[in-house]
1. One residue is enough: does the range 62-70 have a residue meeting the conditions of a type in the set (Lys, Arg), loosely packed, with under 15 Cβ neighbours inside 10 Å and at pLDDT 95 or above?
2. Taking the criterion of being out of contact with any Cys (no Cβ under 9 Å at 6 or more places or on another chain), farther than 30 Å from ASN193 by Cβ, part of a helix (DSSP H, G or I) and touching a residue at least 60 places away in the same chain (Cβ under 8 Å), would at least one residue in the range 148-161 satisfy it?
3. Note down all Cβ pairs under 6 Å where the first residue falls in the range 12-39 and is surrounded by 12 or more Cβ atoms within 10 Å (Cβ to Cβ), the second is of a type in the set (Val, Ile, Thr), and they're at least six residues apart or on different chains.
4. Could you check how many residues of the range 106-119 are surrounded by 15 or more Cβ atoms within 10 Å (Cβ to Cβ) and more than 14 Å from the chain's Cα centre (by Cα)?
5. With the condition being among the small types (Gly, Ala, Ser), I'd like the helices (runs of 4 or more DSSP H) fully within the range 69-147 carrying at least 3 qualifying residues.
6. Here are the criteria: (1) closer than 16 Å to PHE62 by Cβ; (2) in contact with a Leu (Cβ under 6 Å, 6 or more places away or on another chain). Tell me which single one ALA127 does not satisfy.
7. Determine which member of the set SER56, SER111 is within 16 Å of SER140 (Cα to Cα), free of Cβ contacts under 8 Å to residues at least 60 places away in the same chain and among the polar types (S, T, N, Q).
8. Go through the range 29-50 residue by residue and tally those that are part of a helix (DSSP H, G or I), within 30 Å of PRO170 (Cα to Cα) and of a type in the set (D, E, K, R).
Amino acid sequence: MRTFTDDFLKECGRITSALSVPAIECLADTLAAIRNGVPPGRLFVLGNGGGLGTASHAAADFRCLTGIQALAPESPAELTALANDYGFDETFAIWLARHHPGSQDGLMVLSVGGGHRDGPSANIVRAAEYAVQIGMPVFSIVGRTDGFAFQCSTPGLALPDFVAQDWITPHAEWVQSMVLHLLVSHPRLKIQNPVWEQRHANPT
């Protein structure tokens, strides 16, 4: 008897096969260029909810495994202070501006919808608008192509159109994690193995 698990895992396979390989390869090249710039650029990673958790994880992995100076908002005190003082929609843009980014840096957005003005994830829209204004490239891994983050991304990666509406969130979030782990493992980016692999490759 076919189960929900069968259907979900089959959909995972279809999604993986349909993801844009050129977009992922372009993202790897662009991140390598940011790291290798003179001076080296930084990568700012943003997301809401589960996306913020993934952003924090990604920033740590990029720092440790690729040598990219990556940052994500990690202080609840800072974020809630910004929301209280300026409104939730402005939190990410102000956080980003306080790091004095420039065109040598990059902004990566992890979002299901990608943000809409005066709608869901408006804080992501404001941050992406700020990045565009200062000439900082925007990248995104999102669920749909109609959000602001994807539309201003070079490159952007979105789920294929066949994903059902009620499955977009879970699929977008595992795809984000998978692609980010692909990137930190990519030979054009990775400069060292995680500690676990190092220990097992060189047992003592």
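1. no
2. No; the residues of the range 148-161 include none that is out of contact with any Cys (no Cβ under 9 Å at 6 or more places or on another chain), farther than 30 Å from ASN193 by Cβ, part of a helix (DSSP H, G or I) and touching a residue at least 60 places away in the same chain (Cβ under 8 Å).
3. From residues that are surrounded by 12 or more Cβ atoms within 10 Å (Cβ to Cβ), the pairs are ARG35/ILE68.
4. Our first condition is that a residue be surrounded by 15 or more Cβ atoms within 10 Å (Cβ to Cβ); within the range 106-119, this holds for 106-116.
Remaining after also requiring more than 14 Å from the chain's Cα centre (by Cα): 116.
Of the residues in that region, 1 qualify.
5. 76-86, 122-133
6. ALA127 satisfies all of (1) closer than 16 Å to PHE62 by Cβ; (2) in contact with a Leu (Cβ under 6 Å, 6 or more places away or on another chain) except (1).
7. Details: SER111 fails: free of Cβ contacts under 8 Å to residues at least 60 places away in the same chain.
Only one candidate passes the filter, namely SER56.
8. Residues in the range 29-50 being part of a helix (DSSP H, G or I), within 30 Å of PRO170 (Cα to Cα) and of a type in the set (D, E, K, R): 1 in total.
The values are calculated or read from the model by the stated rules, or taken from the named source; none is laboratory data. Remember, predicted model here, so these are calculated numbers, not experimental data. We place every Cβ from the backbone using ideal geometry, glycine too, and count neighbours over all the protein chains shown.
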